[in-house]
Every structure is written in C-alpha cells, then in structure tokens.
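The values are calculated or read from the model by the stated rules, or taken from the named source; none is laboratory data. Keep in mind it's a predicted model, so treat the numbers as computed, not measured. Note: ideal-geometry Cβ built from the backbone for every residue, glycine included; neighbour counts use all protein chains shown. These accessible areas exclude ligands, DNA and RNA; they are computed on the full protein's heavy atoms, side chains included. Shrake-Rupley method; radii C 1.70, N 1.55, O 1.52, S 1.80 Å.
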Amino acid sequence: MADSDPGSAGPPHPDQPRGDQSVSGAGPAVERVIRARLHAAAASPVQAPEPWLSTLADTGEQRLSRVAALGQAAQTAMRFGRSGEALAVLTQQRAAAGNDQAALVWALTSSAACRAVFGQLALARADLAQVRQICQNAAPVLAAPFWRFADVVCHWLGGNWPAALADATALDESQASPVMPTVAGTVIALRIDLMRGLGLAADFRPLTDRLAASPTAEMNAWAQAGLDADAGRPADAIRRLAEACDADPSSSQRVALPLVLHRMAEIAYGAGNQRVTPSAADALAGLDQAAPVTEILTGLAQAYATGDRMPAVRAQQQAEAEGAITLAAEALTVRGRIGDAPGQNLAAAHAAWVRIGAPGRAKAVAAARSEEHTSELQSHH
C-alpha cells in the first residue's frame with residue numbers, strides 16, 4: 001500500500017512541497033488512514049488472531065460461552081477501531097453474565113481492560129473493584145494479566161506515572177501468567193513512553209528491539225517516534241507514524257491510531273510542518289469518536305492544526321470529567337503552546353506534569369515557558 005519505493009534514493013523531507021499533504025514521502029496522511037479504515041471495515045471479525053478471554057470459556061456452560069463469545073466480539077471491534085460497537089457489545093456482555101459469578105469474572109475483566117483503553121476510567125476502575133471483590137482479590141491465572149494491564153492504563157491516563165511504570169515493568173517482566181502478544185507489545189511501548197516522561201536516562205534499545213518483534217505496529221511507531229523526536233529527528237518520527245497508519249489492518253491494532261495521529265500532529269506542529277498537522281487532525285476526526293480518548297485527542301490535534309483554543313478547552317473539560325489527568329495536562333500544554341494565555345496555561349501544565357510524576361514532560365513545558373517569556377520580552381523591545 002505504500003506510495004513510494006522504500007529502496008529508492010530516499011524519501012523527500014516532510015516539508016518539501018509536493019502539491020499534496022504528503023507525509024515524508026509516504027502519501028497523503030488522510031488518504032492513508034481512510035484506506036486503512038476501509039480495509040478494517042471490510043475485514044471479517046472471525047479473522048481476529050487473538051481470542052483474548054474467549055479461550056477461557058467452558059463450552060459446557062451456555063452462559064459462560066455466551067459471555068466469552070461477546071468478549072471476542074468486543075475485542076475484535078476494539079482492534080479494528082470500532083469503539084462504539086465495542087462499547088455496545090460490552091453492555092450486552094454484562095447483561096448476558098447475569099448473576100453467574102464465573103461469567104461475571106470474565107465479563108468484568110474484559111470490560112475493565114477495554115474501557116481503560118477507551119479512556120472510560122471511572123467505569124474501568126469500577127469493573128476492577130467489582131471483579132476483585134468477587135474473586136476476593138485473587139485473580140484467576142488467565143485473568144491476572146488483564147487486571148494488571150487495566151491497572152497500568154488507568155494509572156497512565158489517570159495521572160500516576162510512577163505507579164504506571166512500576167506496574168508495566170512488573171507485568172512485562174513477570175512470567176507468572178500468560179500475556180497475549182498484543183498486550184505485551186502495548187505494555188513495552190508504554191514502558192518506553194513512561195520512562196521518557198519520567199526523565200529516566202536509559203538505553204531503550206533492549207525494549208525497542210523487543211517491541212519491533214511484537215504485532216503492535218501502531219504502538220511500536222508511537223513509542224519510537226517519541227524517541228525520534230527527543231533525538232531531534234522529527235522527519236523520521238513523522239515518517240514512522242505515517243507508515244504505521246498504512247499498516248495492514250488485518251495484522252495490526254487500529255485502536256491505537258488516535259495515539260499515533262495525535263503524536264503526528266504534535267511533532268509536526270513543533271517542527272513547523274503546516275501540512276502534516278492538519279492532515280493528522282482531519283484523519284483523527286474521521287475515526288470513531290465513541291471512545292473518550294479519541295474525542296479528546298481529536299480536539300487537541302484540531303487545536304494544533306487551527307490555533308483555535310476551543311477544541312483544546314473542550315478536550316480539557318472532557319479529560320477532567322473522565323478523570324484522565326494525563327490528557328488534561330496535555331490539553332493545558334496544547335493551549336499554552338498555541339498561544340492561549342501561554343503564561344497561565346503553561347504554568348498550570350508544568351504543575352500538572354509535576355503532580356503526575358513526569359519530570360521529563362515538566363522540563364519540556366518549562367522550556368516552552370522560557371521561550372514564551374523570551375519572545376514576550378523581545379516583543380516589548
């Protein structure tokens with residue numbers, strides 16, 4: 001599906017005029033994502049390679065089998081980025097479980113993991129609390145990694161990065177219970193990005209080498225693009241993210257596209273790329289907006305693309321309502337960067353990142369504050 005030959009003399013620079021909204025020689029960002037979504041929509045749900053919790057069903061019990069089948073349907077819809085469909089199936093799954101405790105364990109486990117990914121943090125935490133109570137806080141072996149994964153995501157989006165990194169590291173390094181490859185790849189990507197945000201000096205190569213072998217092309221690109229940007233290689237980061245958008249949906253995780261496209265908009269904005277930023281924002285707006293994470297990230301990308309503060313204000317309000325403190329801090333950062341009361345909002349963003357426990361992010365905001373202050377002084381002279 002690539003629009004350029006990877007073996008050619010080399011892709012043009014992202015800022016090179018081409019007569020379209022091209023992303024570092026990889027084709028128009030919007031067109032690429034639309035193609036990916038069309039492929040995802042055409043894919044048959046039975047092609048999902050990982051059955052998740054459906055493997056746990058006792059086919060001798062009709063209720064548990066029904067719950068497992070619905071869990072499979074929810075996971076497949078989530079994987080293809082159909083968040084509205086996935087949320088509807090989770091509701092059906094909970095109803096199908098009734099008061100049967102075995103069925104409830106799998107329904108609540110599936111729901112907690114999916115809702116955490118979608119940014120419905122209060123509901124995800126409520127599911128976890130209920131299933132832990134049912135099991136007296138002792139997870140069945142096959143459910144344990146999904147409980148722990150939901151905890152990682154809730155800590156990450158909920159604004160406790162030290163806890164998120166500790167949990168992600170423990171889950172990644174534990175051999176006590178099985179972890180599906182897509183979950184494992186996602187956890188590695190989160191570890192990399194959390195370490196960046198925490199400002200930890202580390203050689204990321206062992207983690208990135210493992211991530212490259214995982215079936216999570218989008219999360220792989222998202223994590224590695226952050227490292228590219230830190231190293232002063234925004235063109236490489238944008239190219240990597242564009243290639244992830246063009247990945248074969250039948251073997252990737254479309255649910256991560258909002259993260260990929262937001263990072264593309266963010267990096268392109270910082271690099272002054274005025275074509276890629278709106279392309280990424282438009283592509284984000286074309287995704288299923290049923291998941292709060294997608295809607296919030298869409299607002300932030302639109303603010304970068306247009307300079308309009310209101311999409312970021314609405315994103316911040318929604319993030320705060322969902323308890324997604326990390327995304328609220330991101331919204332404050334965006335507002336400051338685009339010139340919305342920069343002194344006030346960048347100061348608030350800096351304080352928020354410090355509370356989250358992300359000194360690396362706080363340092364970046366402090367640098368933006370310094371630049372803003374210098375610019376303001378120069379304007380007065």
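Some points to look at:
- Protection proxy ranking, peptides 206-217, 142-153, 109-120, 351-362, average beta carbon neighbours within 10 Å, highest first: 109-120, 142-153, 351-362, 206-217
- Theoretical gain in end-to-end length, Asp230 to Ala170 [0.36 nm per residue, Cα-Cα removed]: 19.0 nm
- FRET E, pair Gln133, Glu371, Förster distance 56 Å, beta-carbon r, rounded to 0.05: 0.65
- Gain in span if fully extended, Ala351 to Ala290, counting 0.36 nm per residue against the direct Cα distance: 19.0 nm
- Binned Cα-Cα distance frequencies in the range 227-381 - 5 Å width, integer %: 2, 10, 17, 21, 22, 16, 8, 3, 1, 0, 0, 0
- Applying the Karplus relation 6.51 cos²θ - 1.76 cosθ + 1.60 with θ = phi - 60° to the range 298-313 yields 3J(HN,Hα) values of 4, x, 5, 5, 5, 5, 4, 6, 10, x, 7, 6, 5, x, 6, 4 Hz, where x marks Gly and Pro.
- The distance from the alpha carbon centre of the range 225-281 to that of the range 295-320 is 18 Å, rounded to a whole number.
- Global dimensions of the range 56-206 from alpha-carbon coordinates: Rg and Dmax equal 15.6, 52 Å.
- Accessible area in the full protein assembly, largest first, 1.4 Å probe, for Asp203, Asp167: Asp203, Asp167
- Long-range Cα-Cα pairs in the range 120-214 (distance over 23 Å), rounded percent: 25
- Scattering profile of the range 236-281 at q = 0.15, 0.16, 0.20, 0.29 Å⁻¹ [log10 I(q)/I(0), Debye over alpha-carbon scatterers]: -0.35, -0.39, -0.59, -1.04
- Each of the peptides 311-317, 229-235 was scored by the mean count of other Cβ atoms within 10 Å over its residues; in descending order, highest first, they stand as 311-317, 229-235.
- With R₀ set to 25 Å, the beta-carbon distance separating Thr91 from Gln317 gives a calculated FRET efficiency near 0.50.
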